[in-house]
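Have a look at the structure below, then the notes.
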Amino acid sequence: VRFGHMFLVALAIGMAAGAGLLLSTYGIREDMAGAIETPRVLFKLGLTLLLAFASTRLAFVIGKPGVSLRSAALALLAPLLVLLAGIATELIVLPQNAWGTSLKGQHWSFCLVFVPTLSIAPLAALLYAVRQGAPEKPGLAGAVAGLAAGGIAAAIYAWHCPDDSPLFVATWYTIAISMVTAVGFLLGRRLLR
């Protein structure tokens, strides 16, 4: 019970810090009230929340020794399938000559900097929380904490990001989250032994 409670508290602090950073710097996009009704924005928000939830659940389970990771790991297939469906839909709906523009978007470089920045507090909180458990594979546990932190950061960033194409999300969000996952792996190997 103690680990579960501590994990939730750390997670809440990390998420609040990430959200606070967004709100105190760039804020939520100005047209969000209308944009949130569009399929692409709903897709982006839903996908990032689904990834954040599934990966955070896996981070929680990985901190408990002897517990099977199978069902929590398989849950990561859900955001992957949703993403693939979004990509397929976009490729069908958009004319081929618009694919490149949609993929590149307008703010890919900002995405690659700001998602990792927003993940710093959630990653610190998750690494701290997982360390209170007893992860059997420090590198893997750190990578999962990084994936969860990247997912949380992406879910926060999605409220600011004006690039809504699933092609953009599939490319730049994935790269940004992968960067955080790699950092989590490296930190995990050192901090979670």
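The values are calculated or read from the model by the stated rules, or taken from the named source; none is laboratory data. Just so it is clear, the structure is predicted and the values come from calculations on it, not from any experiment. So basically every Cβ, Gly included, is an ideal-geometry build from the backbone, and we count neighbours across all protein chains shown. These area figures cover heavy atoms from the full protein model, side chains too; ligands, DNA and RNA do not enter into them. Shrake-Rupley method; radii C 1.70, N 1.55, O 1.52, S 1.80 Å.
So, in region 8-64, how many residues would count as being open to solvent by 50 Å² or more (accessible area, probe 1.4 Å), hydroxyl-bearing (S, T, Y) and under 16 Å from the mean Cα position of the chain (by Cα)?
Of the residues in that region, 0 qualify.
Looking only at region 83-124, filter to residues that are touching a residue at least 12 places away in the same chain (Cβ under 8 Å) and among the aromatic types (F, W, Y); which one of those is nearest to P162 (Cα to Cα)?
That would be W108.
Out of (1) farther than 22 Å from V144 by Cβ; (2) not in a helix (DSSP H, G or I), the odd one out for L21 is which?
With respect to (1) farther than 22 Å from V144 by Cβ; (2) not in a helix (DSSP H, G or I), L21 is out only on (2).
At pLDDT below 95 and either crowded, with 17+ Cβ neighbours inside 10 Å or in a helix (DSSP H, G or I) (or both): which single residue out of P116, P135, P122 fits that description?
When all the criteria are applied, what remains is P135.
For region 161-178, enumerate the residues that are more than 19 Å from T117 (Cα to Cα), open to solvent by less than 20 Å² (accessible area, probe 1.4 Å) and not in a helix (DSSP H, G or I).
Across region 161-178, the qualifying residue is only S165.
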